[in-house]
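Here's the structure, in structure tokens; my notes come after.
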Amino acid sequence: MEGQLENVYVVFEGGKFITKTEAISSQAAPGHVLVKVAYSTCNPYDTLCFQLQKEEGFRLGAEGCGTIISVGEGVDSSLLGKKVANFLGGWWSKYRSFDTKKAHFMILEDSQDLTKCASACINPLTTIGMVQAVRDHSDSKAFITDASASSLNKQILLKIKADGDLKCINIVRREEHAKFLREVYG
């Protein structure tokens, strides 16, 4: 007999976002995987969803990561115990279920530190897009960023350092951030 798990999540209900609790099966549904959430982001996209998304039943948490704790019938059992990340929403919860035919999630290396994987989807895509936009829409080989000690900007700095064709002028709020950026990124 399968067990029950207590899931806690954030949902839009009755005109506002609330925290709710539900009992869910510890066994993933057929064609699904059940993920125990380790970490989720709170980034500008989440803020935008919080401000604009007013659809009844909408669950917050744009992206996150965790470990597959159950696989349903028809799902490759080798996924059990794998670390995963994606940005399909609903990550502000204790558990997250995915239909493996519809959901695209990254299977992470076992060595990956989940504390660093919650933003494994949106920030890298944003980094690629922002750097390409600078290349496509500017004659300059330099650009300016603020909040330069952010996770997103650190990824931007890694990309432009690897590519070698752009320079970034970083605006920081604290001297320790400036020192860190100079030491790590040059």
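Across region 122-185, Cα-Cα distances exceeding 13 Å account for 61% of all pairs.
Using alpha carbons only, what's the Rg to Rh ratio of the chain with Rh from Kirkwood? Value, to two decimals: 1.05. Between Ile169, Gly61, Ser148, the Cα set farthest toward the positive side of the dipole of the chain (charges on each charged residue's Cβ, about the Cα centre) is that of Ile169. Taking the Cα centre of the chain as reference, the dipole from Cβ charges on Lys and Arg (+1) and Asp and Glu (-1) amounts to some 440 debye. Annotation for region 44-151: trypsin sites (Lys or Arg not before Pro) lying in DSSP loop with at most 14 further Cβ atoms inside 10 Å of their Cβ are Lys54, Lys101, Lys102, Lys141. The ranking of Leu158, Leu108 from fewest to most other beta carbons within 10 Å of each one's beta carbon is Leu158, Leu108. Please name which of Ala133, Ala85, Gln112 has its Cα lying farthest along the dipole of region 31-186 towards the positive end, using unit charges on Cβ (Lys, Arg +1; Asp, Glu -1) and the Cα centre as origin. Among Ala133, Ala85, Gln112, the one farthest towards the positive end of the dipole of region 31-186 is Gln112. Sorting His177, His137, His32 by the number of Cβ atoms found within 10 Å of their own Cβ, with the fewest placed first, yields His137, His177, His32. Computed from Cα positions, the angle between helix 175-185 and the longest principal axis of the chain comes to roughly 90 degrees. For the chain, with a Gaussian network of springs between Cα atoms less than 10 Å apart, report the residue from Val134, Val84, Val35 with the top mean-square fluctuation. Most flexible of the set in this elastic network: Val134. Its Cα centre serving as origin, region 122-185 has a Cβ charge dipole (Lys and Arg +1, Asp and Glu -1) of approximately 140 debye.
Projected label points at Ser111 and Ile69, each 7 Å from Cα along the beta carbon direction, are separated by 2.8 nanometres. For the chain, the mean residue ellipticity at 222 nm estimated from helices alone is -8000 deg cm²/dmol, where every DSSP H run of n ≥ 4 contributes -39500 (n - 2.57) and the total is divided by all residues, rounded to the nearest 500. Taking other Cβ atoms within 10 Å as a rough exposure proxy, Tyr9, Tyr39 sort from fewest to most as Tyr39, Tyr9.
Readers should treat all values here as calculations from the given coordinates under stated rules, not as data from a laboratory. Values in this document were obtained by computation on a predicted structure and should not be read as measured data. Heads up, the Cβs are rebuilt from the backbone with ideal geometry, glycines too, and the neighbour counts pull from every protein chain shown.
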